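Nothing in this text is a laboratory measurement; each read-out follows from the coordinates by a stated rule. Predicted model, so just to flag it, every value in this text is computed and none were measured. Note: ideal-geometry Cβ built from the backbone for every residue, glycine included; neighbour counts use all protein chains shown.
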Ligand SMILES: Cc1ncc(COP(=O)(O)O)c(C=O)c1O
């Protein structure tokens, strides 16, 4: 399906609500294809997928005044030097890209990661390139393979495209079983490994990721989502994206860098692979970014000491929270190396615990995944927030 279609193919990508809204504003159906091209295909699908996601998970939406442990955000904002750099660029907001901010960010990132500049691409967050990877590399014949549980955006995009989806169950405490992933669909279009994984926080060893890259079909793509990598000390798979033509590594500024609301992300891949990802909209989405976010990200990316300090603070809070919970007999899955833990309530459905904590104590925790219905994902917040969470748990389970 492309934008060169007669418009019918593109039209079906809009759900009914969007179609009605456009018709209501006076567009004709014949114009839908052009509108989709302007928005960017990824943006259209993201909007649809996000609606499905939000309906399933109240935790993604902020509840005013609540302790916010539901969306895997950072408990604090960007580094002060990043805030300063972002603020400075606001005064030049009349320019689309005041002093080649985007070029500066790419050079900075390439330098820090040791990746050629032409293999670095920018995005407004990483949700877009994730969904776009499914659009770009999956088809009704060659589907998607993931671990289960994992970040669901890719599942939803594949389902939306009616591409086959294979979900390989995870062993609690472990990373992806890459051999089982390949066996589940030896002809997939896209293999998606999230490491550290959302929601388990578990890491897949780079050696396993290398094995999958070496053994998957040559024409398929391996996407390694490293949204949470800065929270762990695990090595990155970025070397694969720096050298191969069939691996995409993805990062975001939404997590450790505390920039979720500012929208900035990165992918690392061969130029030809990137070109396939933006074939639907040129570089409209990759090249048009909010400049305060770009300047903030650029200033933050090199701050190794601050990154390490934030990681250490989160790790200490996580381990203290786990110890407190375990002291009260609460079961926590082992192995998280990121800013989240999986709590198994055992006798109570996770959705019920989520509701009780919010309604009775204004503590907003994360969702559960169908594979583990009594297990909730809880984001690690500040020490004070985690104290409030543990106190609320005490009362709800009493
Ligand atoms: C694993 C993973 N990938 C991608 C994203 C997308 O986030 P963003 O678009 O803010 O970068 C998230 C958000 O929670 C995530 O957990």
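Descriptive notes on the structure:
- Paramagnetic reach from residue 302 (point 7 Å along Cα→Cβ, amide N under 16 Å) across the range 110-129: 110-115
- Using a cutoff of 8 angstrom between alpha carbon atoms and counting only pairs six or more residues apart, the relative contact order for the range 80-301 works out to 28 percent.
- Pair-distance profile P(r), taking every C-alpha pair of the range 147-247, with 10 angstrom steps and integer %: 16, 51, 31, 2
- Folded to 0 to 90 degrees: helix 206-215 orientation relative to the chain principal axis, Cα: 40
- Computed from the Kirkwood radius of its Cα pairs, the Stokes-Einstein diffusion coefficient for the range 80-301 at 25 °C and 0.890 mPa s stands at 140 µm²/s.
- Cα-based helix-to-principal-axis angle, 383-397 vs the chain, degrees rounded to 10: 70
- Relative exposure of 319, 306, 359, judged by other C-beta atoms within 10 Å (fewest first): 359, 319, 306
- Ordering 273, 222 by the number of other Cβ atoms within 10 Å of each residue's own Cβ, fewest first, gives 273, 222.
- Counted residue by residue at 0.36 nm each, then reduced by the alpha carbon distance between them, the extension gain from residue 360 to residue 391 reaches 10.0 nm.
- Springs join every pair of Cα atoms under 10 Å in this Gaussian network model of the chain, and among 207, 110, 64 the largest mean-square fluctuation is at 64.
- Measuring r between the beta carbons of residue 92 and residue 309 and using R0 = 35 Å, the FRET efficiency lands at 0.70.
- Likely footprinting exposure, 223, 240, fewest C-beta neighbours within 10 Å first: 240, 223
- For the range 96-197, the alpha carbon positions stretch 47, 31, 20 Å along the principal axes, listed from largest to smallest.
- Taking the chain and dividing mean pair separation by its residue count, relative contact order in percent (alpha carbons under 8 Å, at least six apart): 21
- The smallest convex shape that holds all Cα atoms of the chain, its convex hull, gives 143 Å³ per residue.
- The long axis of helix 127-137 is offset from the longest Cα principal axis of the chain by roughly 50 degrees.
- Top of 285, 134, 294 by mean-square fluctuation, Gaussian network on the chain, Cα under 10 Å: 285
- Scattering curve values for the range 178-298, log₁₀ I(q)/I(0), Debye with Cα scatterers, q = 0.12, 0.16, 0.22 Å⁻¹: -0.48, -0.83, -1.32
- The chain - share of DSSP beta bridges that are antiparallel (%, nearest 5): 45
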